[in-house]
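Structure, as structure tokens:
Please treat every number below as a calculation from the coordinates, not as lab data. Nothing here was measured: the structure is a model prediction, and the numbers come from that model. Reconstructed Cβ throughout: ideal geometry from the backbone, glycine too, with neighbour counts over all protein chains shown.
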Amino acid sequence: MSPSVGPTETPLRAVEFYVLLGLVEGDLHGYGIIQRTEQQSDGRIRLDPGTLYRAIRRLREDGMVEHAPRREDDNLGHGSQRRFYKLTPLGREVAQREARRIAHLARDAVSAGLIDKVELS
């Protein structure tokens, strides 16, 4: 039986990893995270709002994401504001650790002959 570990020590769900990944470049509102995730995953990951906001809630509870100051969104018209989210230092650290974990898994799959090579496009 393995000892209990905290949320920052276990593998992230894909949706949580993509939320963190989307926030690496800067603060985003929910729809911006959805768009960036779809772009970064080459369309493989399409988040619906319910899935996104549940993931954001978990990440906020774990201290990896926090609210950024509200600001006007030019796309919504004068005076319209959206809630933005930002990556915390812990969130960045966890995302980096998860990216390294995934890279090691891919390397091991190549070494085992499961896949020919890891293609990054």
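Quick look at the values:
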read-out	value
Scattering profile of segment 17-58 at q = 0.14, 0.19, 0.28 Å⁻¹ [log10 I(q)/I(0), Debye over alpha-carbon scatterers]	-0.24, -0.46, -1.02
Ordering of 39-48, 59-68 by burial proxy (mean other Cβ atoms within 10 Å per residue, highest first)	59-68, 39-48
Relative contact order (%) - segment 14-111, alpha-carbon pairs under 8 angstrom, separation at least six	30
Added length on full extension, which subtracts the Cα-Cα distance from 0.36 nm per residue, Ala99 to Val24	25.8 nm
Separation between Cα centres of segment 81-98 and segment 24-38, rounded to whole Å	11
Equivalent ellipsoid, segment 14-111 (semi-axes from 5 times Cα gyration tensor eigenvalues, Å)	27, 15, 11
Label-to-label distance, nm, for residues given as Arg44 and Asp116 (7 Å Cα→Cβ offset)	1.7
